[in-house]
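Take a look at the structure below.
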Amino acid sequence: MARREIFAGNWKMYKTSAEAVKLAKELVSGLEKKPGREYVIFPPFPYIRDVSAECSGTPVKTGAQNIYHEVQGAFTGEVSPLMVKDCGCTFALIGHSERRHIFNETDADVNRKVRAALDAGLEPMVCVGELLEEREGGQTAQVLERQIREGLRGFPAADFAKITIAYEPVWAIGTGKVATPEMADDAHKIIREILKSSAGEAAAEAMPILYGGSVKPDNIEGLYKMENIDGVLVGGASLESPSFLKIINV
Ligand code: PGA
């Protein structure tokens with residue numbers, strides 16, 4: 001079955017507002033739209049509106065790097081899914097490893113945020129992935145199973161159709177240590193099996209699973225040709241247009 005193919009860039013906490021708009025402009029003008037391929041960028045919150053305006057009417061969509069699980073209220077410093085939607089976002093990144101490990105987000109938080117994103121009409125892109133010690137201890141499948149089961153607990157199959165998974169082994173993020181295409185493909189197969197038992201065969205088969213973790217212009221081809229890799233989530237290499245364009249135009 002042909003699945004959606006998504007190429008995404010996570011800008012994390014980088015750029016000035018002028019740099020963010022310039023980068024968006026360069027992406028829009030440099031991308032060679034491939035049939036069926038979707039593009040998403042995740043700018044920092046303060047730049048979402050300007051970057052979304054720059055991308056409006058182009059194949060590039062925007063997303064928030066995080067959201068809170070309530071739509072409004074006395075939650076100082078938090079950002080509502082409705083607010084980011086209102087500023088032009090289509091996607092919300094949920095449970096990125098930096099959120100889990102620096103800000104102590106749990107699978108229960110992920111679950112609430114996925115619900116909130118769906119309720120707001122955003123497409124959740126849910127990040128999962130094991131730590132180095134978990135991989136070395138042979139626990140990768142177990143960790144992925146817990147993150148997916150708990151993070152996506154209680155959603156009907158129709159909701160799964162709007163969810164994208166990003167497999168990002170924590171040991172590969174920002175380290176230059178990319179998983180080999182075979183390692184990534186194996187993890188994606190495991191994830192698809194777990195999804196089948198949560199979402200049912202048809203919904204799981206349709207869900208895009210992206211790979212993230214030190215994706216660069218020189219390793220994209222090997223990753224992209226793997227059968228179970230439906231796109232990539234890029235951090236560092238998405239911060240400059242020449243490297244990100246080489247990746248998204250693969
Ligand atoms: P990286 O980040 O490409 O810099 O490893 C990926 C991510 O955190 O999504």
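Cross-link pairs exceeding 25 Å between alpha carbons, from the set 113/162; 196/246; 113/225: 196/246; 113/225.
Label zone (residue 227, point 7 Å along Cα-to-C-beta; backbone nitrogen cut-off 19 Å) within segment 143-185: 180-185.
The relative contact order of segment 150-213 comes to 54 percent, based on Cα pairs under 8 Å that sit 6 or more residues apart. Per residue, the solvent-accessible area of the chain (1.4 Å probe, heavy atoms of protein chains only, all protein chains present) comes to 44 Å².
Here the 3J(HN,Hα) profile of segment 237-249, calculated from phi with Karplus coefficients 6.51, -1.76 and 1.60 at θ = phi - 60°, is 6, 8, 7, 10, 5, x, 6, 5, 5, 4, 6, 6, 9 Hz, Gly and Pro shown as x. Here's the picture: a label point sits 7 Å out from the Cα of residue 119 along the beta-carbon direction, and within segment 62-79 the residues with their amide nitrogen under 11 Å of it are 69-72.
Seen from a random direction on average, the alpha-carbon convex hull of segment 158-206 projects onto 3.8 square nanometres.
Of the residues 59, 46, 9, the one whose Cα sits farthest towards the positive end of the charge dipole of segment 1-145 is 59 (charges of +1 on Lys and Arg Cβ, -1 on Asp and Glu Cβ, taken about the Cα centre). Taking Lys and Arg as +1 and Asp and Glu as -1, the other residues whose beta-carbon sits under 13 Å from that of residue 18 total -1.
Let me check I've understood the local charge: for residue 168, count other residues with C-beta under 11 angstrom from its C-beta, Lys and Arg +1, Asp and Glu -1. What total comes out? Here the charged neighbours net out to -1. As a calculated quantity, the FRET efficiency between residue 102 and residue 17 at R0 = 22 Å, using C-beta atoms, amounts to about 0.40. Close amide H pairs (under 5 Å, H built 1.01 Å from N) link residue 92 with 64, 123, 125, residues at least 5 positions away or on another chain. For residue 136, what is the net charge nearby, where nearby means another residue's Cβ is under 15 Å from its Cβ and Lys, Arg count +1, Asp, Glu -1? Within the 15 Å Cβ shell, the charges total -1.
Protein heavy-atom surface of the chain, 1.4 angstrom probe: 53% of the accessible area is carbon and sulfur, with nucleic acids and ligands not counted.
Whole-percent P(r), the chain, all Cα pairs, 10 Å bins from 0: 8, 34, 39, 18, 1.
The values are calculated or read from the model by the stated rules, or taken from the named source; none is laboratory data. The model shown is predicted, which means the values in this text are computed figures rather than measured ones. Cβ sites come from the backbone with ideal geometry, for glycine too, and all protein chains shown count toward neighbours. Surface accessibility is based on the protein's heavy atoms, side chains included, excluding ligands, DNA and RNA. Shrake-Rupley method; radii C 1.70, N 1.55, O 1.52, S 1.80 Å.
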